[in-house]
Each structure stands twice: as C-alpha cells, then as structure tokens.
Amino acid sequence: MEIRPLDPERDAEAIAAVYRPYVTDTDISFEEEAPTAADMASRLARFTRRVPGFVMVAPDGRLAGYCYTHPWKSFAGYRDTLETTVYVALGFERRGVGRALMERLIGECRSRGVVALIACITAGNRASIILHEKLGFSQASHFEAVGRKHGRYLDIVDYQLQLKATDTQR
C-alpha cells in the first residue's frame with residue numbers, strides 16, 4: 001500500500017467516508033454528526049497547509065486510513081506541540097495501517113522540529129491506546145466524564161510523545 005501526503009480536495013470524500021462510522025456508530029469520536037466531504041475538505045485545508053497529514057491507499061485505490069496533525073491549543077506558545085488524528089478504514093484494521101501512517105507522521109513532525117505530539121483518546125479505545133504505546137507515547141492525563149456520546153459520559157486520556165528535548169529536560 002502507498003502512503004502519500006494528504007490532499008484535502010482530492011481525499012476529502014474518502015476521508016469523510018472512513019470517518020463516518022466512527023462518528024455514527026462508536027464513541028471514539030465525540031462529533032455527533034458526520035461531516036460532509038465539503039466540511040472535511042475545509043477542515044483538512046485549514047490544518048494541512050501548515051502541518052503534515054498522510055493517507056494510505058490500497059492497491060485497488062481504496063483509502064485504507066489517514067492521519068494528520070493540528071494545533072494542540074490556539075495560543076502561540078503551544079506552536080511547537082501538535083495533536084494527532086488517525087483513523088483506519090473498516091476492513092483494514094489490524095493490518096499495520098495505523099502504525100505505518102503514524103510512523104510516517106512522527107518522522108515528518110520530527111524533521112520539522114515539532115517538540116511534542118499529543119493524542120486525545122477516548123479511555124475505552126484500547127486499540128488506539130495500544131497503538132500509541134507501541135509508538136512510544138505515554139499517558140500524560142486522564143480526564144473523567146468530560147465527553148458525552150450516545151447518552152453516557154466518557155473519560156478521555158491524553159498520550160504524549162516527546163520528539164525533542166527541551167530546556168526543562170536537559
């Protein structure tokens with residue numbers, strides 16, 4: 001399978017299709033309505049002009065998964081820290097898609113001088129937690145009952161990967 005840079009216009013429809021069941025059928029995403037392809041193109045264009053994103057395409061042309069980064073917080077002081085997003089298309093789970101995408105994303109972020117990556121994960125999403133731990137992320141926080149989906153409150157965990165030593169770590 002091929003990994004290439006995410007193109008918001010070209011990939012928005014396929015990305016929206018991959019994301020849709022996570023919104024409608026799970027508590028992995030806290031969005032309650034799946035974004036349209038146009039919504040997704042707009043969202044991705046805001047982020048991927050400045051920070052990296054990738055898609056993995058299967059030999060038959062189907063999108064197997066995608067990942068991208070976006071600002072972790074809006075204040076300028078957080079500019080060297082990015083939040084990651086990764087989703088694998090149904091039917092492509094447990095084939096190394098998420099790991100390959102994230103490894104490429106981490107490498108690109110490291111080469112751009114990003115200091116830290118943050119992954120915000122629904123506490124019950126064991127697959128994502130395991131993936132991030134295998135990639136070297138460690139749990140940095142646990143927020144209890146801060147998200148609501150499908151009529152129940154859910155915990156969120158943040159995982160962090162330090163890419164570059166900082167003044168406080170030397």
Worksheet item: Any idea which of 52, 26, 115 is furthest toward the positive side of the dipole for the stretch 1-137, if Lys and Arg beta-carbons carry +1 and Asp and Glu beta-carbons -1?
Response: 115
Worksheet item: Hey, what did the stretch 1-68 get for relative contact order, percent, Cα under 8 Å, at least 6 apart?
Response: 43
Worksheet item: Just from its helices, what would the mean residue ellipticity at 222 nm be for the chain, if runs of 4 or more DSSP H residues each count -39500 (n - 2.57) and the sum is divided by every residue, rounded to the nearest 500 deg cm²/dmol?
Response: -10000 deg cm²/dmol
Discussion item. For residue 149, what residues show an amide H to amide H distance below 5 Å, using hydrogens built from the backbone and excluding near sequence neighbours?
Written reply: 154
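Every read-out reported here was derived from the displayed coordinates using simple, explicitly stated rules and does not represent laboratory data. For clarity, every value in this text was computed on a predicted model and none was experimentally measured. Heads up, the Cβs are rebuilt from the backbone with ideal geometry, glycines too, and the neighbour counts pull from every protein chain shown.
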